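Data block below; observations after.
Nothing in this text is a laboratory measurement; each read-out follows from the coordinates by a stated rule. Note that this is a predicted model, so its numbers are computed, not measured. Here the Cβ is made from the backbone with ideal geometry for all residues, glycine too, and neighbour counts use every protein chain on show.
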Amino acid sequence: MKISRLRRGVSMNQKTDFGYSKKTTTAICYEKPSKNNPFVAESIHLFGYDLLELTKKKSFIEVLLLLYTGELPTPNSTELMNTLMIGLINPGPRNPAVRAAMTAGISKSNPPHLLPIGLMVLGGVDGGAAEVEKSMQLIQRSFTSNKKTLFSTNSTNTSMHEGDIKIAPGFGSSYGQKCIVTHQLAQHLINRPGAGKYLHWVNEQLLNSNDDRVGWLPVGLASATFLDLGIQPREGIALFQILYAPGISAHALEQTHKPISSMPFLEDSQYELK
Amino acid sequence: MNSNKQLSDLDFWQKKRNKISTSIGKWIGGDEVICHGHLMMEDLLGNISYMQMLVLNVTGRLVEERVAKWLEGNFIGVSYPDARIWCNTIGALSGTMKTSVVAATVTGTLAADSRGYGGSQTSIYAMEFIQSALKQKKSGKSLKDIIKEVNHKDGKPIITGYARPVSRNDERLKPHQQMTQKLGFNQGEHVDLAYKINHYLDKNYGLAMNVAGYSSAFLSDQGFSPEEMYRIKALMVASGVTACYIDYAKRPSNSFLPQHCDDIKYEGLTPREVK
């Protein structure tokens with residue numbers, strides 16, 4: 001009885017002001033409806049540019065930056081982004097996000113799950129995409145407040161800390177020392193014509209650091225580069241995930257072709273229950 | 001830096017190479033599983049509820065059956081099979097793309113890891129408030145001063161768990177209160193304060209406690225921390241998502257709320273030429 005009454009019942013949006021929009025809105029994409037079928041688009045525009053025209057005149061990276069900034073980038077910005085994307089295309093099989101996806105691959109998870117598994121792990125605040133937003137916000141804030149020092153914490157104070165040192169989101173040590181490859185990539189990026197005020201300023205801050213164990217980490221490098229490209233901190237989260245995605249998925253897919261026993265599984269002697 | 005010094009510097013990581021050291025538990029293949037000091041096969045399986053098991057794995061504590069029963073009721077209270085709710089929309093959209101049921105369920109659940117709804121992450125804010133409010137009250141602060149210090153918007157305090165206009169009913173609140181009574185719990189000091197806050201907010205701002213406010217106070221009285229509750233409730237909305245997925249997985253493609261191109265309002269730049 002009650003169920004049949006409720007089926008006909010007054011809904012919550014009739015009781016009070018529902019307050020929700022009638023339509024979803026976007027400034028990114030316009031799909032022009034076909035004259036004969038309103039469900040089908042006859043053309044697609046991204047920030048005003050016709051998609052087909054973009055395919056003929058622009059590179060993938062230019063259109064990627066268009067999506068995240070609303071404008072097509074300059075050739076220097078495109079080259080800077082291209083350099084960063086290659087530099088971070090594969091965080092390597094020891095990175096936790098890649099390892100997670102590889103573990104799923106070897107254990108025969110559904111292949112479409114592999115990339116999302118890696119990206120979800122990559123969502124963390126310690127070396128992951130969520131740290132990018134914090135790093136970008138900190139760099140922006142420090143730079144605009146009279147360029148005060150980015151690293152307010154003296155890393156020597158943390159020398160008793162177990163594991164790695166983090167002097168700011170995106171900056172610190174990697175297994176007790178500077179991350180060598182990230183520093184090499186940073187020097188290459190800083191010398192690109194598209195490198196801007198943020199990359200140069202953060203690099204100066206690191207050069208002035210009194211602790212030679214700390215420096216650029218991938219998150220910090222991506223953050224400073226994103227800021228020079230005009231990308232906002234929240235958008236930086238997703239772009240970082242996109243940058244790592246090829247490496248995550250390629251490593252995971254490689255494992256799917258191997259038997260489950262081809263990855264180590266710790267023996268009881270290697271597992272201590274305290 | 002010589003190689004010996006390097007090795008000692010790396011001690012922290014060297015000790016952990018190819019070795020897991022933990023106190024949470026261990027699988028002894030073909031024999032038993034130790035779980036937070038309990039024998040899973042001999043003692044737990046068949047003797048405790050799944051909710052007790054979940055709480056044990058999150059907190060390391062084996063809670064009494066009625067606490068787990070209460071939590072289970074709390075989980076039921078967010079298992080709405082209604083595809084309009086955001087996490088469930090994702091379940092339905094996964095159904096229409098014929099995604100796997102696990103992907104659908106976890107993506108919907110992931111969506112509910114939200115500061116706005118879902119009951120898991122929001123537990124942190126609601127429990128932090130009531131636990132801090134009780135400490136402040138005990139140190140002699142008045143309700144007026146406690147409320148004055150929280151963030152306000154348009155002259156009204158913003159407190160997770162107390163955002164409901166008095167005129168709008170929360171269908172979950174009364175059943176939760178009844179469940180508490182039915183399971184024989186006494187009213188604890190957090191719940192007691194929650195009712196006082198409810199009365200104050202109603203009188204001064206026309207706001208009332210919702211189920212999040214009540215649950216957070218009750219679970220604080222049971223000794224849970226905000227972080228523990230976030231972890232316990234991680235998968236809270238899952239079954240409602242699964243229901244919405246199943247509903248649309250069996251229907252033809254694009255059956256879930258198909259949209260005309262102009263159902264999306266474009267508010268961007270007019271067409272321009274690529275140079």
| message | Please list log₁₀ I(q)/I(0) at q = 0.09, 0.13 Å⁻¹ for the range A:81-237, using the Debye equation with identical point scatterers on the alpha-carbon positions. | response | -0.30, -0.61
| When all C-alpha to C-alpha distances in the range B:1-137 are sorted into bins of 10 Å, what percent of pairs does each bin hold, rounded to whole numbers? | 9, 22, 25, 26, 13, 5, 0
| Rounded to the nearest 20 Debye, what is the dipole magnitude of the protein assembly as shown about its Cα centre when Lys and Arg each give +1 and Asp and Glu each give -1 at the C-beta? | 1340 debye
| Distance between modelled label sites at B:Asp145 and B:Gln187, nm, 7 Å Cα→Cβ extension | 2.5 nm
| remark: Here the range A:35-114 gives, from Cα atoms, an Rg and Dmax in Å of 18.4, 53
| Distance-filtered residues of the range B:261-275 - backbone nitrogen under 16 Å, label point 7 angstrom along A:Ala41 Cα→Cβ | B:261-272
| task | Per DSSP H run of at least 4 residues, take -39500 (n - 2.57); add these up for chain B, divide by its residues and hand me the 222 nm value, nearest 500 deg cm²/dmol. | result | -14500 deg cm²/dmol
| field | Rel. contact order, % - alpha carbon contacts under 8 angstrom, at least six apart, the range B:85-192 | value | 17 percent
| request: Work from the charge dipole of the range B:150-275 (Cβ charges, +1 for Lys and Arg, -1 for Asp and Glu, about the Cα centre) and give the residue of B:Val241, B:Tyr205, B:Ser216 farthest towards its positive end. | output: B:Val241
| said: Just to verify a number: FRET efficiency for A:Ser269 and B:Gln178, C-beta to C-beta distance, R0 = 41 Å, to 0.05? | reply: 0.15
| What helices does chain B have that are whole DSSP H segments, at least 18 Å long along their own axis by Cα, and with mean Kyte-Doolittle hydropathy of -1.0 or more? | B:121-138
| field | Between the range A:205-241 and the range B:134-173, the alpha-carbon center distance in angstrom | value | 39 Å
| field | Considering only the protein assembly as shown, percent of DSSP beta bridges that pair antiparallel, nearest 5 | value | 75 percent
| said: Below 8 Å between Cα atoms, with a sequence gap of 6+, how large is the relative contact order for chain B in percent? | reply: 27 percent
| Under 23 Å from the Cα of B:Lys137 - lysines, other chains or at least 8 residues apart | B:Lys148, B:Lys156, B:Lys196, B:Lys203
| query | What is the set of long-range amide H partners of B:Arg164 at a cut-off below 5 Å, with H atoms built 1.01 Å from backbone N? | reply | B:Ala208, B:Asn210
| request: Ratio to report: Rg/Rh of the protein assembly as shown, with Cα atoms as the point set and Rh obtained by the Kirkwood method; give two decimals. | output: 0.98
| request: With a bin width of 5 angstrom, please list the P(r) values of the range B:34-83 as percents of all Cα-Cα pairs, from the 0 bin to the one holding the largest distance. | output: 5, 20, 26, 20, 12, 9, 5, 2, 0
| message | How large is the Kirkwood hydrodynamic radius of the range B:100-155, counting all unique pairs of alpha carbons, in Å? | response | 13.7 Å
| Once you sort the root eigenvalues of the Cα gyration tensor of the range A:38-172 as a ≥ b ≥ c, which label holds: rounded (a/c under 1.5), prolate (a/b larger than b/c) or oblate (the other case)? | oblate
| field | Reduced Cα scattering model of chain B, Debye log10 I(q)/I(0), q = 0.07, 0.08, 0.12, 0.16 Å⁻¹ | value | -0.39, -0.50, -0.93, -1.23
| field | Average beta carbon contacts from partner chains per residue of A:41-50, 10 Å cutoff | value | 3
| Global geometry of the range B:73-206, whether rounded, prolate or oblate, following the gyration tensor of its Cα atoms and the 1.5 cut on a/c | prolate
| remark: Mean shadow area (nm²) of the C-alpha convex hull around the range B:204-252 is 5.9 nm²
| When all C-alpha to C-alpha distances in the range A:70-135 are sorted into bins of 5 Å, what percent of pairs does each bin hold, rounded to whole numbers? | 4, 16, 17, 19, 17, 13, 9, 4, 1
| said: Using helices alone, I'd like the mean residue ellipticity at 222 nm for chain A: each DSSP H run of four-plus residues gives -39500 (n - 2.57), total over residue count, nearest 500. | reply: -15000 deg cm²/dmol
| Spin-label zone in the range A:108-131 - amide nitrogen under 16 Å from a point set 7 Å from the Cα of B:Met97 along the C-beta vector | A:110-120
| For the range B:165-269: Kirkwood Rh in Å [reciprocal of mean 1/r, alpha carbons] | 17.6 Å
| said: Give me A:Cys29, B:Cys261 sorted ascending by neighbouring Cβ count inside 10 Å, so fewest comes first. | reply: A:Cys29, B:Cys261
| query | For chain A, what Kirkwood radius comes out of the mean inverse Cα-Cα distance, in Å? | reply | 21.9 Å
| In whole Å, what three semi-axes, largest first, describe the equivalent ellipsoid of the range A:179-274 built from its Cα gyration tensor (square root of 5 times each eigenvalue)? | 35, 20, 12
| For B:Ala126, what is the net charge nearby, where nearby means another residue's Cβ is under 12 Å from its Cβ and Lys, Arg count +1, Asp, Glu -1? | +1
| field | Nearest-20 debye value, chain B charge dipole, Cβ charges on Lys, Arg, Asp, Glu | value | 600 debye
